Every structure is written in structure tokens, then in C-alpha cells.
Amino acid sequence: MQLTLHVTNDCNLRCKYCFVPLGPQRMSMDVALAAVDFGMKNCKTSGLLFYGGEPLLEKELIHKTVAYAEDIKKKTGHNFLYKMTTNGTLLDEDFLKFCKKVNLTIGFSHDGPNQDKCRLLTTGGGTYDLLEEKIPLLLRYQPYAIGMSVIDPSTVYNAADTVKFLFDKGFKYITINVNYDDTAMWSHDLLAVLESEYKKMAQLYTDWTMAEKKFYLGAFDLKILSLIKGEDYNIDRRKMALNQPSVAPDGKIYSGSRRLGIPEFEIGDVFTGINEEKQRFLFEKGAAPPAPCLECAIRSRCNYVYDTLTYKDSEYIPDISPIQCAHEQLLTPLADSVAENLFKNRNALFIHKHYNELYPVISLVEDRAI
């Protein structure tokens, strides 16, 4: 089981597109340690993802929680995997040494040339210059750290430049997420811009692959995976949903990070466990695609078709947003075109990457030998 621990709702930034309801709520040690105990049940490996707000505001709690889990590991052999998503502004060498010691993987949020448009300090100042020294420090300790960015209507015009920025800085793993909240003011014109930016990313993907540069670009690699796996793609994703609940600072468990604090999606707490009947109910409700998706040709490959459950007018309903739908319809054929081109050219890196199950292990061995 992988638990997302929302260790605080506080943050030292005020990102314009953030969906977390900011506040003073902080996770206590009692809740954090109970979460570790809860996450161990009925599995041999547990994942702990430290999330916020900004989790590095709670460094002491993270240290103590990991120490508790490591002690359990020594005594029982139970395996723990650690991850964290951070804005990076509070990273320092001591913490990165700690991460290296316990294999805590960092997801580093940065919007490249758009950084100072959206990711602002509480005082209103930008964070681009502040993070310039943090990036090489992070990658020195974690060459496989994940560079994460958000595409928002205000930043869509150079979304491809953000991907290139992260790649040029040395990030080998890059993920991009589209802000599809109701407050995001997308229009037909902006969606056309998004499509244009994805076409630029498609060219970057092709060029880097042809040059035999190792990288992972989430948007395209997931879509290529969905092409290869076919009907199994979303079946596997749905199964994962049962094993990745989120823990609020007060210890209540919810069916997902974006549903934190919504009573209708509360499924238990770390002290008494999960109400499996309600968890299964929400899972099955979420397994019913929204009506517009039923006849869609890419339904089995859509990242949102089974992640659209909302509570509205006293009932649970699947309700995909127009931007989610438009996003999948414009990205999927672009990714397919990239894959078809590289496959037809018998590109060795592409075939090795997507059709050899041992590729991640072989790649890591090759990198360490350099």
C-alpha cells in the first residue's frame, strides 16, 4: 500500500494554481506513526509519499517518521519506499544526505521560464533565482529526481520550453500536469496553443530518442504505454486506486489527494483503519465512465475516464471536465504518431525502452558504469 501523507496544509509559496486548501493544519507524530503501522497491514512493501502544502516545513516529522519505519524494517524485514513532492526552496545538503541514506526519492516542482509567473513566495517575490542553486545540488545527490511542472492557461504559451528547461538542467524524468480545475480559464484558443506546444514536445521526444538520450517524459510515455497495453492499461490503473489512499493531517483517510476534506470521500482513519465497504463502494462508482466517454475510441487509454467521481446534489456521479476530455483527444494521436515513427525506424532505444521489461534495470547499470 502507498499512503500519501499530507504532513501540513501550510506552504511558504502561493502558487496561483494550487488546489490544496492552505491552512495551519499540521500532522502530529502520533498520526504519522499510526499511518506507518496502518500502511504495513496486508502487504510486504509500503510506500510513504510526503506531501503538503510544503512538506519540508515539517522536516523533523519526516526524519522521525522514516526513522520509525526503518526501525520496523530492521526488526521485521518489512520494506518501505519513500517519496516526497516539494517546491524545492527549503532543500539543503543535510536533508539530501538523509534522502540518499534512506533512498527517499524527490519530486521537484519547477515551471521553468514560467516559474516567476505562478510560483511566488508569500511576500509576492519570484522563486526562479532562489532555485538556481538548488537544482544542481539536488541532481548531485539524486540524478533520477523527478522534475515536475504544471501547465496552466497563464503559462501554456511556452510549455515546451519548460520541458526543455528541465531536460537541459539535467532532469531525466519529467512530468507535466495540466491544471483542469474549474477555476482554470481555458478557451478554444488556449487549447489550440496547448496542442501546438504538445507538437513541439513531440519533436523534442523524437529528437532526444534519435540522439539516444535517456529520459522519461510522462505525458508521452504514459500514452505510448497505453497504446502498447491496450485494454489492460486502465484496468491496471484502476487497481492502483485501491492501494493509494491519502492521509490528512488529522489522520482521516480519503480516496485521493484532491478529495481531502470532503466528507463524502472519507474512508477511515489511521487509528481504526479503512471502511472497506465504503472504499469498495467508491471504487465501483468510479468504475462507471461518464456518459460522454462510453462511445469514445480512446476510452481504454484515457487517464481521466476512471478518475472523475464527484459528489453533487446528494449523489456520486462521474463527471469528466471538458479540458480533461480535450486534453486526451489532442495528446493521444500525437503520442501515437511519435511511437509509430520511432518504431518504423526501428529505433533501438525506443524499442528497448518500451518493449524490454528489464530496461529500467539495464539502464541503471549502464548509467552507473559510466
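Is it the case that some residue within segment 8-22 is of a type outside the set (A, V, I, L, M), without any contact (Cβ under 8 Å) to a residue 60 or more places away in the chain and closer than 21 Å to F171 by Cα?
no
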Given the condition under 19 Å from F171 (Cβ atoms) and either among the hydroxyl-bearing types (S, T, Y) or without any contact (Cβ under 8 Å) to a residue 40 or more places away in the chain (or both), answer yes or no: does some residue in segment 150-158 qualify?
yes
State which residue is nearest to L242 (Cα to Cα) when the search covers only segment 261-276 and only residues that are hydrophobic (A, V, I, L, M, F, W, C) and part of a loop (DSSP other than H, G, I, E, B).
V270
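Counting just the residues of segment 106-115 that are polar (S, T, N, Q) and touching a helix residue (DSSP H, G or I) at 6+ places or on another chain (Cβ under 8 Å), which one comes out surrounded by the fewest Cβ atoms within 10 Å (Cβ to Cβ)? Explain how you work it out, then say what you get.
Just the residues of segment 106-115 that are polar (S, T, N, Q), to begin with: 109, 114-115.
So of that shortlist, the ones also touching a helix residue (DSSP H, G or I) at 6+ places or on another chain (Cβ under 8 Å) come out as 114-115.
On the way: N114: 23, Q115: 21.
Result: Q115.
Could you name every one of the helices (runs of 4 or more DSSP H) located completely within segment 44-125 that has at least 2 residues being closer than 25 Å to D152 by Cα?
Filter on segment 44-125 gives 115-118.
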Out of everything in segment 154-186 that is among the small types (G, A, S) and touching a Pro at 6+ places or on another chain (Cβ under 8 Å), what residue ends up being nearest to N303 (Cα to Cα)?
A184
Identify, by number, the condition in (1) modelled with pLDDT of 95 or more; (2) closer than 30 Å to N114 by Cα that Y17 doesn't meet.
(1)
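Given the criteria charged (D, E, K, R), outside any helix (DSSP H, G or I) and more than 26 Å from T85 (Cα to Cα), does E212 qualify? Break it down stepwise before answering.
Working: charged (D, E, K, R): yes; outside any helix (DSSP H, G or I): yes; more than 26 Å from T85 (Cα to Cα): yes.
Criteria met by E212.
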Would you be able to tell me the number of residues in segment 176-213 that are of a type in the set (F, W, Y) and within 20 Å of F19 (Cα to Cα)?
2
If you take the residues in segment 160-204 that are touching a Gly at 6+ places or on another chain (Cβ under 9 Å) and aliphatic (A, V, I, L, M), which one is modelled with the lowest pLDDT?
I176
Inside segment 290-336, the number of residues satisfying the requirement of being loosely packed, with under 15 Cβ neighbours inside 10 Å, touching a strand residue (DSSP E or B) at 6+ places or on another chain (Cβ under 9 Å) and closer than 25 Å to G218 by Cα is 1
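In segment 2-58, what count of residues is obtained for those that are among the aromatic types (F, W, Y) and out of contact with any helix residue (DSSP H, G or I) (no Cβ under 9 Å at 6 or more places or on another chain)? Give the steps one after another, and end with the answer.
Let us first name the residues in segment 2-58 that are among the aromatic types (F, W, Y), namely 17, 19, 38, 50-51.
Now drop any that are not out of contact with any helix residue (DSSP H, G or I) (no Cβ under 9 Å at 6 or more places or on another chain), which leaves 38.
Residues flagged as among the aromatic types (F, W, Y) and out of contact with any helix residue (DSSP H, G or I) (no Cβ under 9 Å at 6 or more places or on another chain) within segment 2-58 amount to 1.
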With (1) under 19 Å from the mean Cα position of the chain (by Cα); (2) outside any loop (DSSP other than H, G, I, E, B); (3) buried (at least 20 other Cβ atoms within 10 Å of the Cβ) as the list, and F38 as the residue in question, which single condition is left unmet?
(1)
Inter-residue pairs, beta-carbon under 8 Å, first under 15 Å from R26 (Cα atoms) and in segment 58-70, second of a type in the set (V, I, T), 6+ apart
E58/V7; E58/T8; L61/V7; I62/V7; T65/V36
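Looking only at residues that are in contact with a strand residue (DSSP E or B) (Cβ under 9 Å, 6 or more places away or on another chain), surrounded by 12 or more Cβ atoms within 10 Å (Cβ to Cβ) and of a type outside the set (K, R) in segment 116-138, which one is farthest from L91 (Cα to Cα)?
Going residue by residue through segment 116-138, those that are in contact with a strand residue (DSSP E or B) (Cβ under 9 Å, 6 or more places away or on another chain) are 118-122, 127, 130-131, 134-135, 138.
Among the residues that remain, those that are also surrounded by 12 or more Cβ atoms within 10 Å (Cβ to Cβ) are: 118-121, 127, 130-131, 134-135, 138.
From what is left, the residues that are of a type outside the set (K, R) are 118, 120-121, 127, 130-131, 135, 138.
Working: C118: 20, L120: 17, L121: 15, T127: 13, L130: 11, L131: 9, I135: 9, L138: 8 Å.
So, considering only residues that are in contact with a strand residue (DSSP E or B) (Cβ under 9 Å, 6 or more places away or on another chain), surrounded by 12 or more Cβ atoms within 10 Å (Cβ to Cβ) and of a type outside the set (K, R), the one farthest from L91 (Cα to Cα) is C118.
If you scan segment 1-39, which residues turn out to be among the acidic types (D, E) and touching a Gly at 6+ places or on another chain (Cβ under 9 Å)? Walk me through how you get there before you give the answer.
So in segment 1-39, the residues among the acidic types (D, E) come out as 10, 30, 37.
Answer for segment 1-39, where residues must be among the acidic types (D, E) and touching a Gly at 6+ places or on another chain (Cβ under 9 Å): D10, D30.
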Out of F283, F350, F265, F343, report the one residue that is free of Cβ contacts under 8 Å to residues at least 40 places away in the same chain, of a type outside the set (K, R) and surrounded by 13 or more Cβ atoms within 10 Å (Cβ to Cβ).
F343
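From I135, I176, which residue is part of a strand (DSSP E or B) and touching a helix residue (DSSP H, G or I) at 6+ places or on another chain (Cβ under 6 Å)? First the steps, then the outcome.
Working: I135 fails: part of a strand (DSSP E or B).
Unique residue meeting the criteria: I176.
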Limited to segment 223-259, what total is found for residues that are assigned to a loop (DSSP other than H, G, I, E, B), of a type outside the set (A, V, I, L, M), at negative phi and at pLDDT 90 or above?
4
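The values are calculated or read from the model by the stated rules, or taken from the named source; none is laboratory data. Everything numeric in this text was worked out from a predicted model, so none of it was measured. We place every Cβ from the backbone using ideal geometry, glycine too, and count neighbours over all the protein chains shown.
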